[in-house]
């Protein structure tokens, strides 16, 4: 039983330390980072979709590397529409996290949400930079130059 009490005490201490850190965080700076990352996320999603459309309509052999998207694309225009809707659905909760205002009653929860959104947007932007600029566009240019 003593081990459980020590664990509970360490957990409470860690939780309090994390809460203190979040409450000291400069939320204005976080917000100034969030909206450009969100705009970049939307633009990179658009570029990914646009390069996929160009590749599909180029007449060259195009192989979608995303297994799930490839299955949807095989359904024709309806599958592509469904894939696009699913792709942009992720933007809705991120929009909420980026643009929600701080309410005093839920300040800790909103700060936690914004830090989570910051981490998610940094990861998503990095992923889409790799997908779009290191994968899609070079493959598309290679297919056009053949």
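Read-outs throughout are calculated quantities, based only on the coordinates presented, and are distinct from any laboratory measurement. No experiment lies behind these values; they were computed from the predicted model shown. Neighbour counts run over all protein chains shown; Cβ positions are idealised from the backbone, glycine included.
Return one number: the angle in degrees, 0 to 90 and rounded to the nearest 10, between the long axis of the Cα atoms of helix 77-89 and the longest principal axis of the Cα atoms of the chain.
Helix 77-89 sits roughly 20 degrees off the main axis of the chain.
Would you mind putting 107-117, 10-20, 89-99 in packing order, based on average other-beta-carbon counts within 10 Å, highest first?
Peptide ranking by packing, descending: 107-117, 89-99, 10-20.
Return one number: the angle in degrees, 0 to 90 and rounded to the nearest 10, between the long axis of the Cα atoms of helix 27-56 and the longest principal axis of the Cα atoms of the chain.
20
With 10 angstrom as the radius, rank 51, 74 by how many other C-beta atoms surround their C-beta, starting from the fewest. Kindly include the intermediate steps, with their values, before the conclusion.
On the way: 51 19, 74 10.
The fewest-first ordering by Cβ neighbours comes to 74, 51.
On full extension of the chain, what length is gained from residue 71 through residue 86, given 0.36 nm per residue of separation minus the C-alpha to C-alpha distance?
Extra length available between residue 71 and residue 86 comes to 4.1 nm.
Compute log10 of I(q)/I(0) for region 26-145 with the Debye formula, placing one identical point scatterer on every Cα and leaving out solvent, at q = 0.11, 0.21 Å⁻¹, to two decimals.
Relative scattering, expressed as log10 I(q)/I(0), comes to -0.46, -1.13.
Where does the chain land at 222 nm, in deg cm²/dmol rounded to the nearest 500, when only DSSP H runs of n ≥ 4 count, each adding -39500 (n - 2.57), divided by all residues? Could the numbers behind the result be given before it?
Details: 7 runs with 116 residues, N = 146.
Theoretical 222 nm ellipticity from helices: -26500 deg cm²/dmol.
Compute the relative contact order of region 26-145 as a whole-number percentage, counting only Cα pairs closer than 8 Å that sit 6 or more residues apart in sequence.
With pairs under 8 Å counted, the relative contact order is 46 percent.
Compute the helix-to-body angle for 2-24: its Cα long axis versus the longest principal axis of the chain, expressed 0 to 90° and rounded to tens.
Tilt relative to the chain: about 70 degrees.
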